[in-house]
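J.: Could you have a look at this structure, given as C-alpha cells, before my questions?
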Amino acid sequence: MKLVEAIVKPFKLEEIKDALLEIGIQGMTVSEVKGFGRQKGHKETYRGQEYTIEFVPKVKIEVAVKDAQVSQVIEAIMTAAKTGSIGDGKIFVRELSDVVRIRTGETGETAL
C-alpha cells in the first residue's frame, strides 16, 4: 500500500477530485498548506506598496491506495493539476506499512 501526497494549486482541487473519482478512488484528505519551491514566492502590490509573499498558498491531497493503483492515481493528478506554469506542484509517494479502519477493525488493503 502507498500514500500518495500531492501539493497543488488550490483552484485545481475540484478537477483533481473529479479525476480521482473517475478512476474509482473513494476517499482523500485535503489540507490547506503554505510553502515555496523553486519559485520562492512572488511579489504583489497592495495600495501602492510592493511586498513579497514567501509562502504561497497550496492544497495538499493525501490518498491511500493499493500498490496497483499508484501509477493511475499519479497520472490522474498530473493531468488534472497541470497548468504548464511554474508552481504546479509535486507528488510524493510513501510506503504504508498498515491501515486500520476504526469502525470495523479491518486492516491492510481491505481497510482502504
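The values are calculated or read from the model by the stated rules, or taken from the named source; none is laboratory data. As the structure is a prediction and not an experimental result, all values here were calculated from the model. Reconstructed Cβ throughout: ideal geometry from the backbone, glycine too, with neighbour counts over all protein chains shown.
J.: Residues to consider are LYS12, LYS58; find the one that is in contact with a Ser or Thr (Cβ under 8 Å, 6 or more places away or on another chain), within 29 Å of LEU112 (Cα to Cα) and crowded, with 16+ Cβ neighbours inside 10 Å.
T.: Just a single option satisfies the conditions, and that option is LYS12.
J.: On to the next question. For the subset of segment 68-97 comprising residues that are of a type in the set (Val, Ile, Thr) and closer than 10 Å to ALA19 by Cα, which member is surrounded by the fewest Cβ atoms within 10 Å (Cβ to Cβ)?
T.: Residue satisfying both the conditions and the ranking: THR79.
J.: Would a scan of segment 19-33 turn up a residue that is without any contact (Cβ under 8 Å) to a residue 24 or more places away in the chain and under 20 Å from PHE92 (Cβ atoms)?
T.: no
J.: Run ARG101 past the list (1) touching a helix residue (DSSP H, G or I) at 6+ places or on another chain (Cβ under 6 Å); (2) in contact (Cβ under 8 Å) with a residue 24 or more places away in the chain and report the number of the one that doesn't hold.
T.: (2)
J.: If we keep just the residues of segment 28-55 that are surrounded by fewer than 10 Cβ atoms within 10 Å (Cβ to Cβ) and closer than 29 Å to ILE74 by Cβ, which is modelled with the highest pLDDT?
T.: Among those residues, the one meeting the criterion is ARG38.
J.: While we're on this one: Give THR110, THR83 a once-over and let me know the one that is at negative phi and not in a helix (DSSP H, G or I).
T.: THR83
J.: Okay, moving on. Can you pull out the residues in segment 52-90 that are under 11 Å from the mean Cα position of the chain (by Cα), more than 12 Å from VAL4 (Cα to Cα) and among the basic types (Lys, Arg)?
T.: Residue satisfying the conditions is LYS58 alone.
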